[in-house]
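Notes follow the structure.
Laboratory data are not the source of any read-out in this text; all were calculated from the coordinates shown. What you see is a predicted model, and the numbers here were worked out from it, not measured in a lab. Glycine also receives a Cβ, built like all others from the backbone with ideal geometry; neighbour counts cover every protein chain displayed.
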């Protein structure tokens, strides 16, 4: 079993799994606490438009997905802040529009026949050195922002009205959380794909809530659990030659079910 570690692509996949899990644990905690799961799902699927545009223009896929996801996050933040009664319709619109744009640009790209399933369901085995750098920088950015603005983020997450009365710019931090979610989603594309990314963000946090009584602890436990799920899923994916994204999520769901069953 240990002989597989001699391969560079396995080493990259393991490192990417750890880096993605750290980001997913931190951002997933914010997504769950702020009840932004559906919004993050909209951003995730909208970023497919950036993937299609990048392929059409011959640009790096991560670059296209990142720019598109950030723009989508800002638009969603602006629209939902002023019109929360229509939030479901807004997210559904952005979700469908992003996917449609991505499909159209891929169709317009002459001679492009690469399997797009890897973007939808993940292929962590295929991560490159550039992807590793992106994930490393993303982790540094996320950790730095959360540590520096922890008190403000904590206040906004649990009581935005009180935070506003305390002079905290709740609109700014709401938008910031969505932007960080967008960046995390793009990084997780390689691991679990756009379809399953929300599961990676929410399942570890849902399980971490069982053991944590404050946000910072939840972030740490979520990151550890996400790492366990990702590495176990990666091993299963390699041994049985199945999709890495699906393997990771199945491991997460099975462990979640077992823990809940034991506690009950």
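Run lengths n ≥ 4 of DSSP H only: what is the helix-derived mean residue ellipticity at 222 nm for the chain, with -39500 (n - 2.57) per run over all residues, to the nearest 500? Write down the numbers at each step before the final one.
Numbers: 12 runs with 215 residues, N = 264.
It comes out at -27500 deg cm²/dmol, rounded to the nearest 500.
Which order results if 190, 214, 260 are arranged by neighbouring Cβ count within 10 Å, fewest first?
214, 260, 190
Shape of the chain from its Cα gyration tensor (a ≥ b ≥ c, root eigenvalues): rounded if a/c is under 1.5, otherwise prolate when a/b > b/c, or oblate?
In terms of gyration-tensor shape, oblate.
Test of understanding: ordering 154, 258 by Cβ neighbours within 10 Å, fewest first, what list do you get? Mind showing how you got there, number by number?
On the way: 154 17, 258 10.
Going from sparsest to densest Cβ surroundings: 258, 154.
If you average the alpha carbon positions of the range 248-264 and of the range 159-223, how far apart do those two centres end up, in angstrom?
So the separation of the two Cα centres works out to 21 Å.
Shape of the range 1-141 from its Cα gyration tensor (a ≥ b ≥ c, root eigenvalues): rounded if a/c is under 1.5, otherwise prolate when a/b > b/c, or oblate? Don't jump to the answer; show the numbers that get you there.
Working: a/c = 2.42, a/b = 1.32, b/c = 1.84.
Oblate is the answer for the range 1-141, as a/c is 1.5 or above yet b/c matches or exceeds a/b.
Would you look at the GNM of the chain, springs on alpha carbons closer than 10 Å, and say which of 99, 117, 135 moves the most?
The residue that fluctuates most here is 117.
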